[in-house]
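Undergrad: Quick one: the structure is below, and I'll ask about it shortly.
The values are calculated or read from the model by the stated rules, or taken from the named source; none is laboratory data. Given the structure is predicted, the values throughout are model-derived calculations rather than measurements. Note that we place each Cβ from the backbone using ideal geometry, even for glycine, and neighbour counts take in every protein chain shown.
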Amino acid sequence: MIERIAILGTGLLGASAGLALRAAGFGGQLAGWNRSPEQGRLALEMGAIGEVAGDPIEAARASQVVLLAMPIFATLDYMEKLSAVLGPEHLVTDVGSTKRMISEAAARLYNTPERAAFLPGHPMAGKERGGAALADADLFRGAVWLFTDDPAARRSPQGAALVAEWRKWVQAIGSRILDLDPARHDELVAWVSHLPQFTATALSALLEEEVGAAPELKDVGGRALREMTRLGASPFSMWRDIAHTNTEAVEHALLALEHRLAYLRENLRTPALREEFEQANRFRRE
């Protein structure tokens, strides 16, 4: 039975996970750590965690479950550090937005009878801005929480039991679980998550360049402009790691969009434009 969880990274996702676990009835201890002491204190004040840990490694060793809620390269770094100090009585899991490199590291460092278990995870939930101040106990409710677990993992009995219990807590906070192959995961999220983000970033940067000196034009754009550029406020610090760890899939999606935009440009006065709108409407209906 999970009695103590260490949340390493108490920003938006980490603090929201703490709030969601409490709301779902988790009665154990929640320890939190953040590279920014201010974010740790804020998570404590919000009730997302019950204590701020001074040392992330010691916090992990004292817990049964460790949730890595940090950017991908930081996650990979802590996977290395924790693998050397945790044992078969521990489970480490994460919320990273790309999974191939994390799953490969898990296969190399974890999931044997002598080592800690690792369960690669990715909740399809978030906001365009980060930080504990925006944490929400309902952030994961109704969202899909993806896992890219290795079915051949030879875990210890303790590790296997912790994996099963953590999956139940993910469901208890309102998420729907979906298991995917890591490569398939990265391919899919490139289309449904990364492409919208990079499209919004490019559009927002273009508009800043073209009309940034005329702020009244932002009012002219109204709701359409706000919805299309909302993701443009997302932080580079998170998306840098995604771009570096899912480059090929993102490149493929962006190139396909470039071709589609060129097709639209070339058919602004032809019947093909109607067909494009009809196809777009079918996707929204389905």
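Undergrad: Which condition number does T270 fail, the rest of (1) at pLDDT 95 or above; (2) of a type in the set (S, T, N, Q); (3) in contact with a helix residue (DSSP H, G or I) (Cβ under 7 Å, 6 or more places away or on another chain) being met?
TA: It fails just one condition, (3).
Undergrad: Inside the range 32-151, counting only helices (runs of 4 or more DSSP H) that do not spill past its ends, which hold 2 or more residues that are closer than 22 Å to E165 by Cβ?
TA: Correct list: 56-61, 72-83, 100-109.
Undergrad: I'd like the full set of residues that are over 13 Å from T98 (Cβ atoms) and of a type in the set (V, I, T), limited to the range 148-191.
TA: Scanning the range 148-191 gives V163, V170, I173, I177.
Undergrad: On to the next question. So S237 clears everything in (1) exposed (fewer than 12 other Cβ atoms within 10 Å of the Cβ); (2) free of Cβ contacts under 8 Å to residues at least 60 places away in the same chain; (3) within 30 Å of V95 (Cβ to Cβ) except one condition, right? Which one?
TA: Exception for S237: condition (2).
Undergrad: Would it be correct to say that P37 is more than 22 Å from G174 (Cα to Cα) and over 20 Å from the mean Cα position of the chain (by Cα)?
TA: yes
Undergrad: Exactly one of these conditions fails for A202: (1) without any contact (Cβ under 8 Å) to a residue 12 or more places away in the chain; (2) more than 17 Å from F118 (Cβ to Cβ); (3) of a type in the set (G, A, S); (4) in the same structural domain as F26 (by TED's automatic domain parsing). Give me its number.
TA: Tallying (1) without any contact (Cβ under 8 Å) to a residue 12 or more places away in the chain; (2) more than 17 Å from F118 (Cβ to Cβ); (3) of a type in the set (G, A, S); (4) in the same structural domain as F26 (by TED's automatic domain parsing), A202 fails exactly one: (4).
Undergrad: Being of a type in the set (V, I, T) and free of Cβ contacts under 8 Å to residues at least 40 places away in the same chain is the filter; apply it to the range 53-98 and report the residue that is surrounded by the fewest Cβ atoms within 10 Å (Cβ to Cβ).
TA: V85
Undergrad: Which ones in the range 182-202 are surrounded by fewer than 15 Cβ atoms within 10 Å (Cβ to Cβ) and among the charged types (D, E, K, R)?
TA: Answer for the range 182-202, where residues must be surrounded by fewer than 15 Cβ atoms within 10 Å (Cβ to Cβ) and among the charged types (D, E, K, R): just R184.
Undergrad: Which pairs have Cβ atoms under 9 Å, sit 6 or more apart or on different chains, and link a residue in the range 139-150 that is in contact (Cβ under 8 Å) with a residue 60 or more places away in the chain and surrounded by 20 or more Cβ atoms within 10 Å (Cβ to Cβ) to one that is outside any loop (DSSP other than H, G, I, E, B) and β-branched (V, I, T)?
TA: Going by the 9 Å Cβ cut-off, the qualifying pairs are F140/V170.
Undergrad: Looking at A24, A20, which one is crowded, with 24+ Cβ neighbours inside 10 Å and in the same structural domain as R141 (by TED's automatic domain parsing)?
TA: A20
Undergrad: A further question on this structure: Run down L268, L257, L264, L273 and say which single residue is of a type in the set (A, V, I, L, M, F, W, C) and loosely packed, with under 11 Cβ neighbours inside 10 Å.
TA: L268
Okay, residues lined up against (1) aliphatic (A, V, I, L, M); (2) farther than 22 Å from S156 by Cβ:
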| residue | (1), (2) |
| --- | --- |
| E3 | no, no |
| A15 | yes, yes |
| L19 | yes, yes |
| G27 | no, yes |
| M70 | yes, yes |
| A74 | yes, yes |
| M101 | yes, yes |
